[in-house]
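Each value in this text was obtained by applying a stated rule to the coordinates, not by laboratory testing. If you're wondering where the values come from, they're calculated on a predicted model, not measured in any experiment. Quick reminder, even Gly has a Cβ in these numbers, built from the backbone with ideal geometry, and neighbours come from all protein chains shown.
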């Protein structure tokens, strides 16, 4: 009989404890799930921002090649520059640009790499206009020198993104 009383008391206590702890545990798990989902959303947004910048690498290389091709077929450098940059404008005008917010990147290594990549893209973009004032062959040599640096930084950014699994 003592065993039955103890079993009933334990059963009642475990039922009461379960009815109190069950909703609490469920609440905690759902909140954790929402936080994880929000973190994944933030990482997705940041990856899209970075991927857009990585696409800019290809666009800037394409603009440089187009300038060079237009100059080689006999167009004056200012016209070659204008036609190549007009092509880039046409390529990107229908896409809403991602806001460039590298300060939101919480991984310091990735932020450093992305900011370096952004500077390198800006350098190449600024270099395009110098085709009007320098010898086109010298200009193209400088573009070719900038290419491997840009590709290496692009590779490092992609590698870090993959490491973080964003």
Fill in: Among (1) over 18 Å from residue 46 (Cβ atoms); (2) surrounded by fewer than 13 Cβ atoms within 10 Å (Cβ to Cβ); (3) within 25 Å of the chain's Cα centre (by Cα), the one test that residue 108 misses
(1)
Worksheet entry | Of all residues in the stretch 147-166 being farther than 15 Å from residue 53 by Cα and touching a helix residue (DSSP H, G or I) at 6+ places or on another chain (Cβ under 8 Å), the one that is surrounded by the most Cβ atoms within 10 Å (Cβ to Cβ) | 166
